Structure formats: C-alpha cells, structure tokens
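The structure under discussion appears below in the form of structure tokens.
The values are calculated or read from the model by the stated rules, or taken from the named source; none is laboratory data. Computed from a predicted structure; not experimentally measured. Using ideal geometry, Cβ is built from the backbone for each residue, glycine included, and neighbour counts are taken over all protein chains shown.
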Amino acid sequence: MSDRITALLTRRRATLLVVAVVLCLPPFYLDAFWLRIGLFSMAAAIGAIGLALLSGTAGQLSLGHAFFLAVGAYGYTWLAGDPGPGLPTALAVPLAVLMAGLAGGLFSPVAGRVKGIYLGIATLALVFLGHHVLLTAESVTGGFNGRSVPPLSVGGFTFDADGELNVLGVPFGAEERLWFLGLALFALTWFTARGLLRSRPGRALAALRDSETAAAVMGVDVARHRSAAFVVSSMYAGLAGVLLALAFRRVVPDYFGLVLSVDYLAMIVIGGLGSVAGATAGAVFVTALPLLMTRYADQLPLVAAPGSTEGAVGPTEAARYLYGAAIVLVLLYAPDGLHGLVRRARDRLRRRRTPTTAPHTAVPSPPPPAAAARPKEHTP
C-alpha cells in the first residue's frame, strides 16, 4: 500500500514538473497576441478561483466581483502612482490585495447574515456604487479616462519593455516578463485554494453549502465562515485586479461593470462550481473566446470585423452568445461543468484499461448416485 502511494505521489510530481516546463515555453515561441491572451486568462483564473470558493464551495451568490477587482486594480495604481503615496510597486501589490480584503471585510457582516438571491442583490449594489465612485473621485481614479498603471519593479527588475533583455536569444518585452509574473501568481492562487479546500475550514464551508442546519449542529459558526469566505474571495479578486492592471497598463471605470461580474459567474458555471481546475478552464474559455473571435472575425461566418458597419454580429457579442449557449448546455447536460465532464471521461477510460476478470465459478460436482432401493423385508 505504501509503495502504491509513493508511486502516485511521484507520478503527480512528475506531472506538475512537466506542466510547469510547458507553461514556461510560450514566451520563447509565441508572439505578443497569444501572450496577452494568456495573461488575461491567468488574471481571470485567479479571480474565478476566488469566486468559486465563495459560490461553489460556500454556496454564496455574489454579483459584486467586479467591484473587488476594481479595488485591487485602482488600489495598486493609486498606491504606486502619482497622485498617490508613490510607494514602491512591490509593496503596493500586497497592500492593494489587503485593500480588497478590507473592502470585503466591511461588507462581510451582510454576507454573514444574508444568503442566496438576497446576497446577490446586495452585492449588485457594490458594482453600481463602485462605478459611481470611480467616475467621480477623479483625484484618485482619473475619472472617465482612467489612469495609467505604473510598471511593477522588484529588486531593480522592471516588468515592462524598458531596457533590453534577451533570454536564450529571445528579446523579452513587457508581455514576456509579465507572463512569468502571472504564472507565479496563478500558481500561488492554485495551491493556496486547493489547500484551503482540503483543510478544516474548507470542509466546514462545504458542509455549510450542503446544509446549514447540519453544519451548525456539528459546531460550524455559520456567520463567521460565511464572512471569512467573502473576505478570502475579495482578496483573490484584488490580486486578479492587480494583474489585470499590469497587463492592460491602463485602468478605466467602464471595464469594471456588471458585465464583468456576469462573466465571472459564467466562468465558474461553465468550468464547474467548487472546482479550482474547473474555474481555471472556464476562465480561459470565457476570456480567450472574444479575443480569438476578434482576431479571426473576417474568417468566420455571420461575424463582422471590428469597426465594420455591416449588419452582422460583432465578435464580442457573438462570443457572449456562444458562452451563453454553453451555460445553457452545461446546466442541462453537465451540471458539474467541464471539470465533471473530464472527470467522468477519465473514469471511463480507466475502467476500459482495467482488465475485467470473470469471477471463479466452482464446477458443480455430480450428485452422488442414488442408493439402490432395498426390497421391503417380509415380516412373518
């Protein structure tokens, strides 16, 4: 048994090593367009994992995820920029994440006492309130036109295109440098979220999602765990907002609207509620689809190129129609999302590979020969 566990752990470590090596290769072979898709997908995956912990694991509906992404993005821009405190950018990143967590903590009393659609409506107010603040607080946010984002600098190394940098003969610009930063932040998010799900608080959140009464009987503090899940989800969203700001290099209020919150809900529904891998897959699908359709719009039927005045559907709208249809199909035929489909396909493949041996059936022995009938003795 111990040998089997050791072999399984060794196989998983080898798989992780192979995946890490493969994910480090794109900056050496792909152009800036594909690297931008990867960056936006990694930022979206970080935010989707946070929402999956809140909605999929804790069973809490939130429509205010875009608000906490805005807090992270604008918090970093203000803390590291001018006007602003002008802090070192390496210090501004964790402080922006803490600001998002603080915003979630201020709202956590509501999240601890309200659930379901009522919490969704309450968080919806955060999006409209945040959008109003972003437009009116011009000294901090820059108003309608937004603000430029200062590049991240760690130990004298800057994550932008300034300064010539060649790695193995490949020039590294802003996208190539930010790729590895995004990988590091995504790996941190992945392993911390999986560790949280396997820990005692994660099991308490799962019990809370299944039955509040049963969880309370087992000693789970319902309000405290709900509030904690909301704060943790807000911090993940804040980190995603920082990475988005660094990738976009400019933040504008219109990006952090209700549509962005709906996009994140679509990510976790398509990928699979309560699954870290599923949230990642859904984030890649929802993020990459409109960008790919925009690039190849002239080669797709019924899709107009950007800026065209024809009556066809634009690539962004067509992408929303497609993943809207994907949500309907997932809800009808695969309620556990892409992660559940992959898991079932893997289980079927394993069952096919496993040889089935017929159970040993004992050959019945022939019945003993019947004893010869003894003639009845005559009794005088």
* To do: Would you point out the residue of the stretch 167-181, among those that are outside any helix (DSSP H, G or I) and in contact with a Phe, Trp or Tyr (Cβ under 7 Å, 6 or more places away or on another chain), that is farthest from Gly86 (Cα to Cα)?
  => Leu168
* Asked: For the stretch 41-89, which residues satisfy the criterion of being assigned to a loop (DSSP other than H, G, I, E, B) and surrounded by 24 or more Cβ atoms within 10 Å (Cβ to Cβ)?
  -> Ala58, Gln60, Ser62, Gly64
* **So Leu329, is it modelled with pLDDT under 80 and within 30 Å of Thr280 (Cβ to Cβ)** => no
* Structure fact -> Cβ pairs under 9 Å, 6+ apart or interchain, first in the stretch 9-31 and within 27 Å of Gly169 (Cα to Cα) and in a helix (DSSP H, G or I), second of a type in the set (Phe, Trp, Tyr) and at pLDDT below 85, ordered by first then second residue, are Pro27/Phe172
* What number of residues within the stretch 62-96 satisfy the criterion of being over 17 Å from Met235 (Cα atoms) and in contact with a Lys or Arg (Cβ under 7 Å, 6 or more places away or on another chain)? -> 1
* Condition check for Ser148: in contact (Cβ under 8 Å) with a residue 40 or more places away in the chain, over 26 Å from the mean Cα position of the chain (by Cα) and under 30 Å from Pro26 (Cα atoms) -> yes
* Verdict on Glu310 being within 30 Å of Ile37 (Cα to Cα) and modelled with pLDDT under 80 -> yes
* Residue match in the stretch 207-225 (condition: crowded, with 21+ Cβ neighbours inside 10 Å and more than 13 Å from the chain's Cα centre (by Cα)) -> yes
* Asked: When you scan the stretch 69-120, how many residues do you find that are touching a residue at least 12 places away in the same chain (Cβ under 8 Å) and under 14 Å from Ala229 (Cα atoms)?
  -> 14
* Scanning for something in a strand (DSSP E or B) and at pLDDT 90 or above, does the stretch 141-156 turn up at least one residue? -> yes
* Failed item in (1) within 19 Å of Ala247 (Cα to Cα); (2) aliphatic (A, V, I, L, M); (3) crowded, with 24+ Cβ neighbours inside 10 Å, with Ala32 passing the rest -> (3)
* **Failed condition for Val140, given (1) hydrophobic (A, V, I, L, M, F, W, C); (2) touching a Gly at 6+ places or on another chain (Cβ under 8 Å); (3) crowded, with 24+ Cβ neighbours inside 10 Å** => (3)
* Selection status of Asp254, within 30 Å of Thr136 (Cβ to Cβ), at pLDDT 90 or above, out of contact with any helix residue (DSSP H, G or I) (no Cβ under 6 Å at 6 or more places or on another chain) and part of a helix (DSSP H, G or I) -> yes
* Asked: When you go through Thr57, Thr123 one by one, which is the residue that is touching a Lys or Arg at 6+ places or on another chain (Cβ under 9 Å), of a type in the set (Val, Ile, Thr) and farther than 19 Å from Val251 by Cβ?
  -> Thr57
* **Scope the stretch 293-341; condition assigned to a helix (DSSP H, G or I), out of contact with any helix residue (DSSP H, G or I) (no Cβ under 7 Å at 6 or more places or on another chain) and free of Cβ contacts under 8 Å to residues at least 40 places away in the same chain; matching residues** => Asp298, Gln299, Glu317, Arg320, Tyr321, Ala325, Val328, Leu329, Leu332, Tyr333, Leu341
* Asked: If we keep just the residues of the stretch 279-303 that are β-branched (Val, Ile, Thr) and out of contact with any Phe, Trp or Tyr (no Cβ under 6 Å at 6 or more places or on another chain), which is modelled with the lowest pLDDT?
  -> Val303
* Structure fact -> Scanning the stretch 143-189 for residues that are exposed (fewer than 12 other Cβ atoms within 10 Å of the Cβ) and charged (D, E, K, R) gives Asp162, Glu164
